[in-house]
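Enquirer: Please read through the structure below; I'll follow up with questions.
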There are 4 protein chains.
Amino acid sequence: MTDTNEKLNFSCDYLEGAHERILKRLSETNLQKMDGYGYDPCSESARARIREACSCPKAEVQFLIGGTQANAVMIDAMLQSYQGVISASSGHVNVHEAGAIEAGGHKVLALPQHNGKIAVSDLERYLTDFEQDSNRDHMVMPGMVYLSQPTEYGTLYTLQELEAIHDLCHSHQVKLYVDGARLAYALASPANDVTLLDLARLCDAFYIGGTKCGALIGEAVVVPEPDTIPHLFTIIKQHGALLAKGRLTGIQFDELFRDGLYFTIGKSAVDYAGQIQKALTEKGYRLLFESPTNQVYLIVPDDKLPALGEAVVYSFWEKYDEAHTVIRLSTSWASTQEEVERLISIL
Amino acid sequence: MTDTNEKLNFSCDYLEGAHERILKRLSETNLQKMDGYGYDPCSESARARIREACSCPKAEVQFLIGGTQANAVMIDAMLQSYQGVISASSGHVNVHEAGAIEAGGHKVLALPQHNGKIAVSDLERYLTDFEQDSNRDHMVMPGMVYLSQPTEYGTLYTLQELEAIHDLCHSHQVKLYVDGARLAYALASPANDVTLLDLARLCDAFYIGGTKCGALIGEAVVVPEPDTIPHLFTIIKQHGALLAKGRLTGIQFDELFRDGLYFTIGKSAVDYAGQIQKALTEKGYRLLFESPTNQVYLIVPDDKLPALGEAVVYSFWEKYDEAHTVIRLSTSWASTQEEVERLISIL
Amino acid sequence: MTDTNEKLNFSCDYLEGAHERILKRLSETNLQKMDGYGYDPCSESARARIREACSCPKAEVQFLIGGTQANAVMIDAMLQSYQGVISASSGHVNVHEAGAIEAGGHKVLALPQHNGKIAVSDLERYLTDFEQDSNRDHMVMPGMVYLSQPTEYGTLYTLQELEAIHDLCHSHQVKLYVDGARLAYALASPANDVTLLDLARLCDAFYIGGTKCGALIGEAVVVPEPDTIPHLFTIIKQHGALLAKGRLTGIQFDELFRDGLYFTIGKSAVDYAGQIQKALTEKGYRLLFESPTNQVYLIVPDDKLPALGEAVVYSFWEKYDEAHTVIRLSTSWASTQEEVERLISIL
Amino acid sequence: MTDTNEKLNFSCDYLEGAHERILKRLSETNLQKMDGYGYDPCSESARARIREACSCPKAEVQFLIGGTQANAVMIDAMLQSYQGVISASSGHVNVHEAGAIEAGGHKVLALPQHNGKIAVSDLERYLTDFEQDSNRDHMVMPGMVYLSQPTEYGTLYTLQELEAIHDLCHSHQVKLYVDGARLAYALASPANDVTLLDLARLCDAFYIGGTKCGALIGEAVVVPEPDTIPHLFTIIKQHGALLAKGRLTGIQFDELFRDGLYFTIGKSAVDYAGQIQKALTEKGYRLLFESPTNQVYLIVPDDKLPALGEAVVYSFWEKYDEAHTVIRLSTSWASTQEEVERLISIL
């Protein structure tokens, strides 16, 4: 489909529509009459498949339509009105949601980010300090921890880290929530050791990203212990997040979790990101860090940027120093070997 | 596609997926790389077509994904923090949005409904009384009027009524917003005399419904004078209502407004609703009122309900009296003549 | 203190400062150093006295500074984010708090008022209908009932009514909250049969009004079962309702509940209101209804209003018919027999 | 009044009631009937005096009852729903208001603090970076700058700094608000060069603190250009911040601004803080920094803390290093020379 004269585009992982299997299912089911609001058979089937993939038969699964929405709804659903959410300073909820969390009345309590991650030791100190602060009743009580897996930098929490964070949360009576907007790329990464089962075991809630992982639209929120969040359906409606045609997300997740598609859909993207990193390193480029998923952070001399910009759409990340810039190159489930090779040859 | 043995379903107007032309466009464009957040060429084209259909070249057009969301975002965008929104007591914002408007901090100021509509005289009295109330500074200031066209009862404001409401709003410095979730059915009704141009001329904002009018999902918000709502994009993001893949709604509205599809897509549904009303009246049924659009409100003796429920999925509306019940039968863009005839023969 | 040439003022019950015993205690304690935020010995003593007066030794007592604030804080503290509060349409929270409840995200669910009161039967029907509504998950769930005692009309719930409302709340898992802005006038009324002990037994929370009952400022919130509202202190702080100098309200309520002052402070006002009603009825005036507390609602021929306004400051309530107006005359703890007699002689 | 055997208390500046002149005025006016909600003659007189003290004849002046409340109300009143407020990380709104600002829907955008102050250069970089960020429409737009004068550390912005911040705000279309909870101590400091006239000239709004400066309770909000915040009265009511007996704050500020009391009431406290700092430095103690107002930050060896705690109530501030702790000692308008001398002799 790509024209070799066309400009390459590695600016993000939501450039295309949906995986062809999804479009096919949408077409096949189009004229079937289905109940609204997620009570259709496709949504029910998708829920069953996701519960099975998480080995969590009683989990509540709800389908929302974007990461900011999922985060705003779930954080509001999980926190008491006077609680805040702990996040890495680079967390999506802290910087790129236009204040959606605060609009729900909750403070984002930012901890330093380390390649996008919260350090377990920082979290422990924060929770302990809060409890020992004589002014704590005048402060925002931390009610939950927000992590993203992979993070906004494409990095991964290890199972050991996730368990340590879970244990801290548990002992301090703080909930744990994971934003999996790009979860398929984590699950497809050889460097990853956190499974869906681990997330279901360790989190109070998490979401499985669809929009950036092959769906047209949609995120699947999973609540392993539904009793902990009563009336989630109404909370979703209250946030304007309930789809009348729930089938739209149900059909897509039903397909993504049929035959394990979700577990393989990110593989090529992670593989391509690896190829790009290997090739560029060999060519003398420096990486901000080695990325285990589908986002590559490259340190580029500023004088090379104009030519690069002619050939490739990339994403500006930040200034590195006086003479260098960090750019982000994203692969996706729709990236092709040909595009990757053209990118490498250009760089 | 329907099996003659299959139970008929007239319970609502969002039972199917999308109009076939929309699915086709989604397929054709699927692998084209497009910018996110509504900056794609399909969204831009859709905007241009909608502006043209409204004869409003400078209008801002934004695509959201459901009626409750559109209402919550726009009411929040248009009101000051201390203002409320006037609605008919039967208005969607007052009864069926799970408190989404109040979650944004705004009171819904309910006026009596008359077959789903606000009476101009009630509105005038309310606005005048508020201004003359010596306690008005202790009360919620009315900041806008919310109407739905068609209303939740399928009824229509006449152009004369809409102009009178507009004039009242203007003279009392109150904004006017119209919820067009089912607007295609209004535009297709022979009884309707309010055009898109009228809405653009008389409203501070309104939305053109897609979800119930042939789209998979999506509502197009139109702001005729964009300067009156600065930073609407950020407000949408803050509400978790911004689609990363804006193309999804852009493509659909681009197709709905190509060749005037939106103006014809509701015609068969309105026609079928008319057939149903005519036939049933002849058979001796009573209507709650004669409906000009696609929703029929039928007064049914309670002893006939069980048999009816065997054959048709309908929507319970309210008890009429001791021995009768009001039910709602909805047709849609996807209804067929055959279904309508089967329904009539059953009733 | 009043000059016989001075215009009488029966416009409300917060025209003066504080009861002299309160001013005296403020002076006596003025230079004592006390801890802030309600941890001072006077606040602790006041709490102990109120707990004793309610026979509720474990109750949490917090001092706030006004009715709207107390209502907004407590409703927010008692409701889940997706719940609303049931109120008479004439309830203070519904009409005269400038949207403070909605600013906290909660809808006020208005029931018809009968001389300011909710009818038990209306409440029962509302709760039952909600539970049976198939769309209830799309609606605002009623989470509590708000009553005022006396009501905004000065009327009183009987113990039987309060118990019936409590039973309904209990069986429908809805909380009960009573706004006692003018509670001293209820407690002082011969017509009243609801004691502080009853309130403590039947309510999930209520407040004992100070501002209109002899204090400079302050309302005492009582939560009989503190475990039901954890972190109330922080919720108060979050609402900007925590006094650094908590002593100010502590000292006042300590005095109001010393030697039973609160139970007697309203007696003269209720007595005067009775005198006024009796005298006026004898003179041929009509009452809107016979008031059992300190607010008299009088139906006055419009042509008598100008002369009346020359002599007395009163409160306009509403138009009664073409030729009559309802006015409110309030007595208070500070009213004098002399003023009442002058009023009667003028009318 | 203080007993020489009594433990000294330098823990904060709101330990006592009110300045004796205030108590006297409360007594004198107690039985005068006055209109409610701030329409009484004392409030009007206080407003006139404050306007005159600010040389700002058209300013709107409103009386609130605490710092958190004043901040929450004014920030909500001044920001658009999608905007945030810039504050030093140590700002009261960021750490010690239990999330009151976020409860109003607004993010606190924290900048590094330098002895409690924002650096002009940090502010400039932040505003410029935001405007140049390609993702700014997905971020919280800075709508105002919050400063405290003196800061939470007792430090002062110079006039030059305040003017630079004002100029930045002006050129970036961001509002400027100053929290003057302890303003009397700034105005009384020889180190201060920012007058009330400067605040009125440079700020969009600020408040003059009463609670910590000799009043029983109360803060006076000043809006130099009232047209910029329409309906402030209603916004105050909506926040539960309107006093029925507005006289309570009106009388106090009327007295504080009569004969320039407010300008002198902090002098002794600042003088005593200077004496304490001088004496302690001579005795070999280290200060965290030299404080220009009434709060002294002392670095104390940990092994001296127990004995100190026996004799003096102080405020723990933070750990300085392994062996030292920073404590805060506050003087106030009510501190006496005798107490200061006893403190010095103990330390």
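Enquirer: Is it the case that D:P230 is more than 30 Å from D:Q32 (Cβ to Cβ) and either modelled with pLDDT of 95 or more or charged (D, E, K, R) (or both)?
Expert: For D:P230, the condition - more than 30 Å from D:Q32 (Cβ to Cβ) and either modelled with pLDDT of 95 or more or charged (D, E, K, R) (or both) - is met.
Enquirer: Let me ask something else. Of the residues in the stretch C:13-34, how many are in a loop (DSSP other than H, G, I, E, B) and either farther than 18 Å from D:A215 by Cβ or within 22 Å of the chain's Cα centre (by Cα) (or both)?
Expert: 7
Enquirer: For C:N115, state whether it is more than 10 Å from every other protein chain (Cβ to nearest Cβ) and in contact (Cβ under 8 Å) with a residue 60 or more places away in the chain.
Expert: yes
Enquirer: Identify, from the list B:T249, B:T228, B:T234, the residue that is of a type in the set (S, T, N, Q), surrounded by 23 or more Cβ atoms within 10 Å (Cβ to Cβ), in contact (Cβ under 8 Å) with a residue 12 or more places away in the chain and within 14 Å of another protein chain (Cβ to nearest Cβ).
Expert: It is B:T249.
Enquirer: In the stretch B:134-180, how many are open to solvent by less than 30 Å² (accessible area, probe 1.4 Å), within 18 Å of B:M74 (Cβ to Cβ) and assigned to a helix (DSSP H, G or I)?
Expert: 3
Enquirer: Report whether or not D:G214 is closer than 30 Å to B:Q80 by Cα, in the same structural domain as D:A164 (by TED's automatic domain parsing), buried (at least 24 other Cβ atoms within 10 Å of the Cβ) and among the small types (G, A, S).
Expert: For D:G214, the condition - closer than 30 Å to B:Q80 by Cα, in the same structural domain as D:A164 (by TED's automatic domain parsing), buried (at least 24 other Cβ atoms within 10 Å of the Cβ) and among the small types (G, A, S) - is not met.
Enquirer: Answer yes or no: is there a residue in the stretch D:71-93 that is under 22 Å from B:H138 (Cβ atoms), touching a Pro at 6+ places or on another chain (Cβ under 6 Å) and either in a helix (DSSP H, G or I) or at pLDDT 95 or above (or both).
Expert: no
Enquirer: Considering only the stretch C:108-132, state which residues are open to solvent by less than 30 Å² (accessible area, probe 1.4 Å) and under 22 Å from C:S171 (Cβ atoms).
Expert: Across the stretch C:108-132, the qualifying residues are C:L109, C:L111, C:I118, C:A119, C:D122, C:L123, C:L127, C:F130.
Enquirer: Any residue in the stretch B:53-68 that is surrounded by fewer than 23 Cβ atoms within 10 Å (Cβ to Cβ), part of a helix (DSSP H, G or I) and among the small types (G, A, S)?
Expert: yes
Enquirer: So if I check each of A:R47, A:R51, which one is in contact with a strand residue (DSSP E or B) (Cβ under 6 Å, 6 or more places away or on another chain) and either among the basic types (K, R) or closer than 29 Å to B:K33 by Cα (or both)?
Expert: Answer to the selection: A:R47.
Enquirer: Residues that are under 30 Å from D:A100 (Cα atoms) and either open to solvent by less than 50 Å² (accessible area, probe 1.4 Å) or away from chain C (no Cβ under 14 Å) (or both): does the stretch D:279-288 have at least one?
Expert: yes
Enquirer: (1) surrounded by 21 or more Cβ atoms within 10 Å (Cβ to Cβ); (2) within 30 Å of D:I327 (Cβ to Cβ); (3) out of contact with any Ser or Thr (no Cβ under 8 Å at 6 or more places or on another chain): which one isn't true of D:P190, the others all being true?
Expert: The number of the failed condition is (1).
Enquirer: Just to be sure before I move on: is D:S45 surrounded by fewer than 19 Cβ atoms within 10 Å (Cβ to Cβ), within 8 Å of chain C (Cβ to nearest Cβ) and in a helix (DSSP H, G or I) in the structure I sent?
Expert: Spelling it out, it is not the case that D:S45 is surrounded by fewer than 19 Cβ atoms within 10 Å (Cβ to Cβ), within 8 Å of chain C (Cβ to nearest Cβ) and in a helix (DSSP H, G or I).
Enquirer: Looking at (1) more than 7 Å from every other protein chain (Cβ to nearest Cβ); (2) modelled with pLDDT of 95 or more; (3) within 21 Å of B:C42 (Cα to Cα), which is the only condition A:K7 fails?
Expert: Of (1) more than 7 Å from every other protein chain (Cβ to nearest Cβ); (2) modelled with pLDDT of 95 or more; (3) within 21 Å of B:C42 (Cα to Cα), only one is false for A:K7: (2).
Enquirer: Determine which single condition A:S89 fails, assuming it passes every other condition in (1) open to solvent by 20 Å² or more (accessible area, probe 1.4 Å); (2) within 14 Å of chain B (Cβ to nearest Cβ); (3) of a type in the set (G, A, S).
Expert: Going through the list (1) open to solvent by 20 Å² or more (accessible area, probe 1.4 Å); (2) within 14 Å of chain B (Cβ to nearest Cβ); (3) of a type in the set (G, A, S), A:S89 breaks only (2).
Enquirer: Additional query: What residue, of A:V326, A:V312, A:V300, is within 25 Å of B:Q32 (Cα to Cα), open to solvent by less than 10 Å² (accessible area, probe 1.4 Å) and not assigned by TED's automatic domain parsing to the domain that holds A:I101?
Expert: Of the residues listed, the single one that is within 25 Å of B:Q32 (Cα to Cα), open to solvent by less than 10 Å² (accessible area, probe 1.4 Å) and not assigned by TED's automatic domain parsing to the domain that holds A:I101 is A:V312.
Enquirer: Moving to a separate point now. Looking at the stretch B:302-328, I want the residues that are touching a residue at least 24 places away in the same chain (Cβ under 8 Å) and have a partner that is β-branched (V, I, T) and open to solvent by 50 Å² or more (accessible area, probe 1.4 Å) with Cβ atoms under 7 Å, at least 6 apart or on another chain. Which pairs are those?
Expert: Sorted first by the residue in the stretch B:302-328, then by its partner, the pairs are B:A311/B:I346; B:V312/B:I346.
Enquirer: Right, another one. Given (1) open to solvent by 30 Å² or more (accessible area, probe 1.4 Å); (2) over 30 Å from B:G104 (Cβ atoms); (3) touching a residue at least 40 places away in the same chain (Cβ under 8 Å), where does B:H239 come up short, assuming only one miss?
Expert: Exception for B:H239: condition (2).
Enquirer: If you take the residues of the stretch A:6-35 that are crowded, with 18+ Cβ neighbours inside 10 Å and small (G, A, S), which of them is farthest from A:L216 (Cα to Cα)?
Expert: Per the stated criteria, the residue is A:S11.
Enquirer: Follow-up question, since we're still on this one. List the pairs whose first member sits in the stretch C:51-72 and is without any contact (Cβ under 8 Å) to a residue 60 or more places away in the chain and assigned by TED's automatic domain parsing to the domain that holds C:D227, whose second member is open to solvent by less than 10 Å² (accessible area, probe 1.4 Å) and not hydrophobic (A, V, I, L, M, F, W, C), and whose Cβ atoms are under 8 Å apart, counting only residues at least 6 apart or on separate chains?
Expert: From the stretch C:51-72, the pairs are C:T68/C:E97; C:T68/D:G240.
Enquirer: How many residues are in a helix (DSSP H, G or I) and under 18 Å from C:S43 (Cα atoms) when one looks only at the stretch C:196-234?
Expert: Of the residues in that region, 4 qualify.
The values are calculated or read from the model by the stated rules, or taken from the named source; none is laboratory data. Every value quoted in this text rests on a predicted model; they were computed, and no experiment measured them. Cβ: placed from backbone, ideal geometry, glycine included. Neighbour counts: every protein chain shown. Accessible surface areas use protein heavy atoms only, side chains included; no ligands, DNA or RNA. Shrake-Rupley method; radii C 1.70, N 1.55, O 1.52, S 1.80 Å.
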